[in-house]
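The values are calculated or read from the model by the stated rules, or taken from the named source; none is laboratory data. Predicted, not measured: the structure shown is a model, and the values here were computed from it. Note: ideal-geometry Cβ built from the backbone for every residue, glycine included; neighbour counts use all protein chains shown. Ligands, DNA and RNA are stripped out before the accessible areas are found, and what is left, the full protein with its side chains, is counted by its heavy atoms. Shrake-Rupley method; radii C 1.70, N 1.55, O 1.52, S 1.80 Å.
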Amino acid sequence: MATRRGPRFKECRRLGVNTCGHPKAMERMETVVKSRKKQSEYGKQLLEKQKIKAYYGIFEKQLLRYYKNAVKSKDRTADALFKTLECRLDNIVYRIGFANSIRLARQMVTHRHILVNGENINIPSYTLKAGDVITLKESSRTNELFKVNFLDRQSFSLPYITKDLENFSGVLERVPLREEIPVQIEDQLVVEYFSR
């Protein structure tokens, strides 16, 4: 299975946003800003598309497939795209707080630490539905890293996810609205990039 393995902090500085969620990712940012040239319209569109890939830890082929499905949906294309991406299993594991990065969340899913409605699912791109319960496996609750991540990130909450701290679980209450999704991306530029 392919995974993104490039330097995360360097990518964050190049994109201008903290896509990996690490507090030190944007240090030394001012040196990057000084060296920036004026961007073309295409350059802006490309940058926004690359931000999506960095936020969700996906590749070009996957993003293109998600975009094609979003075009076919009844919703606005950008909204449908972000709703699908946000409901990926690895992303929800990260949003609930089991992992402190999307990379760790993906690893937790592939290594079978996560249960969805009591079933062991090891596909990071698995699309969750409203009402799905995501639980940390009983045997994995003794792992200090997972426990600390979950308990330390309890203050971070999103309106479409509820957490159960006692049972190490979370519920995707509903499909999120675009304005609730915590990613700094100009949707229209992404749509323009793909519809060229």
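Does the stretch 71-103 hold any residues that are among the basic types (Lys, Arg), under 25 Å from Arg141 (Cβ atoms) and open to solvent by 10 Å² or more (accessible area, probe 1.4 Å), and which are they? Don't jump to the end; show me each part of the working.
Start the filter on the stretch 71-103 by keeping residues that are among the basic types (Lys, Arg), which leaves 72, 74, 76, 83, 88, 95, 103.
Still in the list and also under 25 Å from Arg141 (Cβ atoms): 88, 95, 103.
Residues satisfying the conditions are Arg95, Arg103.
Between Lys137, Lys129, which is open to solvent by 40 Å² or more (accessible area, probe 1.4 Å), closer than 22 Å to Tyr55 by Cβ and of a type outside the set (A, V, I, L, M)? Outline the logic, then answer.
Numbers: Lys137 fails: closer than 22 Å to Tyr55 by Cβ.
Lys129 is the lone residue from the list that is open to solvent by 40 Å² or more (accessible area, probe 1.4 Å), closer than 22 Å to Tyr55 by Cβ and of a type outside the set (A, V, I, L, M).
Here is a check on your reading of the model: is Lys68 open to solvent by 10 Å² or more (accessible area, probe 1.4 Å) and in contact with a His (Cβ under 6 Å, 6 or more places away or on another chain)? Before the answer, list the steps.
Numbers: open to solvent by 10 Å² or more (accessible area, probe 1.4 Å): yes; in contact with a His (Cβ under 6 Å, 6 or more places away or on another chain): no.
It is false that Lys68 is open to solvent by 10 Å² or more (accessible area, probe 1.4 Å) and in contact with a His (Cβ under 6 Å, 6 or more places away or on another chain).
For the stretch 95-133, give me the residue count where each residue is among the small types (Gly, Ala, Ser), part of a loop (DSSP other than H, G, I, E, B) and in contact with a helix residue (DSSP H, G or I) (Cβ under 9 Å, 6 or more places away or on another chain).
Summing the residues that are among the small types (Gly, Ala, Ser), part of a loop (DSSP other than H, G, I, E, B) and in contact with a helix residue (DSSP H, G or I) (Cβ under 9 Å, 6 or more places away or on another chain) in the stretch 95-133 gives 4.
Any idea which of (1) more than 30 Å from Gln39 (Cα to Cα); (2) modelled with pLDDT of 90 or more is the one Asp152 doesn't satisfy?
(2)
Using beta carbons and a limit of 6 Å, which pairs, at least six apart or on different chains, have the first residue in the stretch 173-196 and farther than 17 Å from Leu46 by Cβ and the second one surrounded by 15 or more Cβ atoms within 10 Å (Cβ to Cβ) and of a type outside the set (Phe, Trp, Tyr)?
Note: pairs meeting the criteria are Val175/Lys83; Pro176/Glu86; Arg178/Asp79; Ile181/Glu86.
Identify all residues within the stretch 144-163 that are over 16 Å from Tyr94 (Cβ atoms) and part of a loop (DSSP other than H, G, I, E, B); write none if there are none.
Pro159 - this is the single residue of the stretch 144-163 that is over 16 Å from Tyr94 (Cβ atoms) and part of a loop (DSSP other than H, G, I, E, B).
For the stretch 164-179, how many residues meet the condition of being surrounded by 12 or more Cβ atoms within 10 Å (Cβ to Cβ) and either part of a helix (DSSP H, G or I) or modelled with pLDDT under 90 (or both)?
The number of residues fulfilling the criteria is 1.
Looking at the stretch 37-63 only, could you name the residues that are loosely packed, with under 13 Cβ neighbours inside 10 Å and assigned to a helix (DSSP H, G or I)?
Of everything in the stretch 37-63, those that are loosely packed, with under 13 Cβ neighbours inside 10 Å and assigned to a helix (DSSP H, G or I) turn out to be Glu41, Tyr42, Gly43, Glu60, Lys61.
Would you tally the residues in the stretch 105-117 being out of contact with any strand residue (DSSP E or B) (no Cβ under 9 Å at 6 or more places or on another chain) and crowded, with 17+ Cβ neighbours inside 10 Å? Spell out the reasoning first.
Here is the first cut: in the stretch 105-117, the residues out of contact with any strand residue (DSSP E or B) (no Cβ under 9 Å at 6 or more places or on another chain) are 106-107, 109-111.
Filter once more, so that each one left must be crowded, with 17+ Cβ neighbours inside 10 Å: 106, 109.
The qualifying residues number 2.
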